[in-house]
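For reference, the structure I am asking about is given below.
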Amino acid sequence: MNGHVNRGHSVIVFAVLVGLGLVTLLGYYFGYVPYLEAGNVTTQKSTLLMDTVVDVRVDGRESDLLVEKVFATMDDLEGLLSRFVPDSEISEINRRAGQWVKVSPLTLEVIELGLEMGALTDGAFDITIGAVLELWGFGSGQYYVPTEAELEARLATVDYTKVEVDTARSQVRIPEGTVLDLGGIAKGFIVDQGIQILRDAKVKRAFVNAGGDISTIGRRPDNQPWRIGVQNPENPAEIRFILPLADRSVVTSGDYQRFFTYENERYHHIIDPRTGYPAREVTSVTIVGDNSATCDALSTAVFVLGWKEGRALIERVPNVEAIIVSSTDVWISSGLDQVVTR
Ligand code: AMP
Ligand code: MG
């Protein structure tokens, strides 16, 4: 799983082969020792986190240490935020529904952001959707097509406005029966935290790609923007669009990412909180914006809102662009239209 490119090391090995002494002397003579110049080191590694492949590339000094630090931070955050990690803070909030639960500042921050995104999207994005997801079996893998009555009962527990956040005491309370699920935002939030470590370390060039939640720092070595492929929802092995991206984030939500099939019908993981059923109007939504967490929540929300309301939301929110794909149509927002390769 650990694909590892570390040019710094290969340059060192090469230098040893051609004669370390001579190269060193010439290097000092010209005031430059190429194989000791840590600025040239690129580290790229992938690992499994958050149920997906996370690929991190960092250029510059101590890039190998920084990549490990990013992975470790992301791993810690998954341990705080996942509904499927029994001792996570989210699991604790869910277990003790009805009571105040103390949480760490980052958990509080992502919950608050989730609630803001709920308000911004008029509840299309709702982090209290957990009980409905459980009923469908998303997470446990015990898939099941529920009855209307079962859905209705679970939908009664879905309402982000009922989540209470006490910032001063760093505690959270949800109503009894409600289940928090940060699956639509946590990955993006965690990618942002990884990128923050790299920015703090003054890294000039890097990316973090968590299964399609991508954030970038700077540009490619040839000074061109990074190029990001967007999958074709009809055939995910195929790239349908290529986006240029520099110092920004891109996140895609698609109906092909997590689903089961029952009696020839596909049931996927993005649930419309108004009905309890998977949202059906579009097949993929790609959002470009300033950070991954917002893009992540917006991609889920626009997917739920569908063709018309989804577009209206994108046009209303500043500094975000989108590509919306349905089985019959494509919409590309004005800021992307000129730069997307189709
Ligand atoms: P994404 O892949 O970012 O679109 O997020 C999908 C995940 O978000 C699902 O696996 C659920 O964990 C969660 N989710 C599903 N529907 C919603 C919704 N309407 N609002 C917020 N989160 C949702
Ligand atoms: Mg999302």
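Nothing in this text is a laboratory measurement; each read-out follows from the coordinates by a stated rule. All values reported here derive from a predicted model rather than from experimental measurement. Cβ placement follows ideal geometry from the backbone for every residue including glycine, while neighbour counts extend to all protein chains displayed.
Determine which member of the set GLU62, GLU78 is under 24 Å from GLU109 (Cβ atoms), touching a helix residue (DSSP H, G or I) at 6+ places or on another chain (Cβ under 8 Å) and acidic (Asp, Glu). Reasoning before the result, please.
Values: GLU62 fails: under 24 Å from GLU109 (Cβ atoms).
Only one candidate qualifies: GLU78.
Kindly provide the set of residues from the range 102-144 that are within 22 Å of the chain's Cα centre (by Cα), hydroxyl-bearing (Ser, Thr, Tyr) and part of a loop (DSSP other than H, G, I, E, B), ordered by number.
Answer for the range 102-144, where residues must be within 22 Å of the chain's Cα centre (by Cα), hydroxyl-bearing (Ser, Thr, Tyr) and part of a loop (DSSP other than H, G, I, E, B): SER104, THR121, THR128, SER140.
Considering each residue of the range 145-189, count those that are without any contact (Cβ under 8 Å) to a residue 60 or more places away in the chain and part of a loop (DSSP other than H, G, I, E, B), and give that number.
Of the residues in that region, 7 qualify.
Of the numbered conditions (1) out of contact with any strand residue (DSSP E or B) (no Cβ under 6 Å at 6 or more places or on another chain); (2) of a type outside the set (Ser, Thr, Tyr); (3) farther than 15 Å from SER249 by Cβ; (4) more than 16 Å from ligand 1 (Cβ to nearest atom), GLN193 fails exactly one; give the number of that condition.
For GLN193, the exception is condition (3).
While we're here: Here is a list: LEU298, LEU243, LEU313. Which entry is more than 15 Å from the chain's Cα centre (by Cα) and within 14 Å of ligand 2 (Cβ to nearest atom)? Walk me through it before giving the result.
On the way: LEU298 fails: more than 15 Å from the chain's Cα centre (by Cα); LEU243 fails: within 14 Å of ligand 2 (Cβ to nearest atom).
Just one listed residue meets the conditions, LEU313.
Could you tell me whether any residue of the range 330-342 is within 16 Å of ligand 2 (Cβ to nearest atom), in a helix (DSSP H, G or I) and among the charged types (D, E, K, R)? So that I can check it myself, show each step before the final result.
Taking the range 330-342 as the starting set, the residues that turn out to be within 16 Å of ligand 2 (Cβ to nearest atom) are none.
No, because not a single residue in the range 330-342 is within 16 Å of ligand 2 (Cβ to nearest atom), in a helix (DSSP H, G or I) and among the charged types (D, E, K, R).
In this structure, does ALA279 turn out to be free of Cβ contacts under 8 Å to residues at least 40 places away in the same chain, farther than 27 Å from VAL203 by Cβ and touching a Gly at 6+ places or on another chain (Cβ under 8 Å)?
yes
If you scan the range 67-96, which residues turn out to be surrounded by fewer than 19 Cβ atoms within 10 Å (Cβ to Cβ) and not in a helix (DSSP H, G or I)?
Scanning the range 67-96 gives PHE84, VAL85, PRO86, ASP87, ARG96.
Let me spell it out: the conditions are (1) within 16 Å of ligand 2 (Cβ to nearest atom); (2) in contact (Cβ under 8 Å) with a residue 60 or more places away in the chain, and ARG205 meets all of them except one. Which number is the exception?
The one condition ARG205 does not meet is (1).
Enumerate the pairs (first residue in the range 103-131 and more than 15 Å from ASP181 (Cα to Cα); second residue anywhere and buried (at least 19 other Cβ atoms within 10 Å of the Cβ) and small (Gly, Ala, Ser)) with beta-carbon separation below 8 Å, excluding pairs fewer than 6 apart on the same chain, so at least 6 apart or on different chains.
LEU120/ALA301; THR121/ALA297; THR121/ALA301
Identify the residue in the range 121-139 that is more than 9 Å from ligand 1 (Cβ to nearest atom) and touching a helix residue (DSSP H, G or I) at 6+ places or on another chain (Cβ under 7 Å) and, among all such residues, is nearest to SER91 (Cα to Cα).
Going through the qualifying residues, I end up with ALA131.
Looking only at the range 122-136, count every residue that is touching an Asp or Glu at 6+ places or on another chain (Cβ under 9 Å), of a type outside the set (Gly, Ala, Ser) and within 15 Å of ligand 2 (Cβ to nearest atom) and tell me the total.
Number of matching residues: 4.
Working carefully through the options VAL288, VAL251, find the one that is within 25 Å of PRO221 (Cα to Cα), within 11 Å of ligand 1 (Cβ to nearest atom), in contact with a strand residue (DSSP E or B) (Cβ under 9 Å, 6 or more places away or on another chain) and assigned to a strand (DSSP E or B).
VAL251
Could you tell me whether the range 215-222 includes any residue that is surrounded by 24 or more Cβ atoms within 10 Å (Cβ to Cβ) and touching a Pro at 6+ places or on another chain (Cβ under 8 Å)?
Of the range 215-222, the ones surrounded by 24 or more Cβ atoms within 10 Å (Cβ to Cβ) are 215.
Next cut, touching a Pro at 6+ places or on another chain (Cβ under 8 Å) only: none.
No; the residues of the range 215-222 include none that is surrounded by 24 or more Cβ atoms within 10 Å (Cβ to Cβ) and touching a Pro at 6+ places or on another chain (Cβ under 8 Å).
Go through (1) touching a residue at least 60 places away in the same chain (Cβ under 8 Å); (2) more than 11 Å from ligand 1 (Cβ to nearest atom); (3) not polar (S, T, N, Q) for TRP307 and report which single condition fails.
(1)
Something else: Is it true that VAL282 is in a loop (DSSP other than H, G, I, E, B), away from ligand 1 (no atom under 11 Å from the Cβ), touching a strand residue (DSSP E or B) at 6+ places or on another chain (Cβ under 6 Å) and not basic (Lys, Arg)?
Spelling it out, VAL282 is indeed in a loop (DSSP other than H, G, I, E, B), away from ligand 1 (no atom under 11 Å from the Cβ), touching a strand residue (DSSP E or B) at 6+ places or on another chain (Cβ under 6 Å) and not basic (Lys, Arg).
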